[in-house]
1. If you check every pair at least six apart or on different chains, which have Cβ atoms under 8 Å apart with a residue in segment 97-112 that is free of Cβ contacts under 8 Å to residues at least 40 places away in the same chain and within 13 Å of T133 (Cα to Cα) first and a residue that is within 11 Å of the ligand (Cβ to nearest atom) and among the acidic types (D, E) second?
2. Could we say that R139 is of a type in the set (K, R), touching a His at 6+ places or on another chain (Cβ under 7 Å) and farther than 22 Å from E6 by Cβ here?
3. Check E144, E58, E41 and return the single one that is in contact with a Phe, Trp or Tyr (Cβ under 8 Å, 6 or more places away or on another chain) and over 15 Å from L13 (Cβ atoms).
4. Please indicate, with yes or no, whether at least one residue in segment 44-57 is touching a residue at least 40 places away in the same chain (Cβ under 8 Å) and of a type in the set (V, I, T).
5. Among the residues of segment 1-44, what is the count of those that are modelled with pLDDT of 90 or more and within 16 Å of the ligand (Cβ to nearest atom)?
Amino acid sequence: MPTLAERCRGIELLVLDVDGVLSAGGIWQGAIEGQMPAPLEGKEFHVRDGLGLRIWREAGKDAVIISGRDSIVVHRRATEVGIREVLQGVGDKGKAAFVGDDIIDAPALRLSGLGVAVADACTEAILAAHHVTHRPGGRGAVREVIELILRCQGKWPSI
Ligand SMILES: [Mg+2]
């Protein structure tokens, strides 16, 4: 079994779930009277995940988000932090770190080069993962993963 550091060394691509990973999982919904059916929808993202993703990109690495739910808020956040959105399949699984939180993430966690469950992930995700973060989803877990990988590769910026 490869160690955590060994798994981190080869990672070039970060694959992120949105709800429960980049956000804490909350989905705010509102509606304006007379404007049915389009509800107003919002999610809260963490500022340190945003900076972490910019550092990740500056290290020459790629990041994508897998979103099951189509959301304008997610499109906007992806553009802001310079990441792409994909709906399925990532090619070179060995070079990918996948971060997830729920039961549907378990296969991807198992198959990726580095499978990471956030601290408040469900039991199935935690059991499938190679590593569990200290921080919960939407509260800097993604930043923690980026820092872990880049430190293992000697690429975390020194200030
Ligand atoms: Mg999720």
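The values are calculated or read from the model by the stated rules, or taken from the named source; none is laboratory data. Just so you know, these numbers come straight off a predicted model, no measurement behind them. Backbone-built Cβ (ideal geometry, glycine too); neighbour counts: all protein chains shown.
1. From segment 97-112, no pairs qualify.
2. Spelling it out, R139 is indeed of a type in the set (K, R), touching a His at 6+ places or on another chain (Cβ under 7 Å) and farther than 22 Å from E6 by Cβ.
3. Going through E144, E58, E41 in turn, the sole match is E41.
4. yes
5. Residues that pass the stated criteria total 15.
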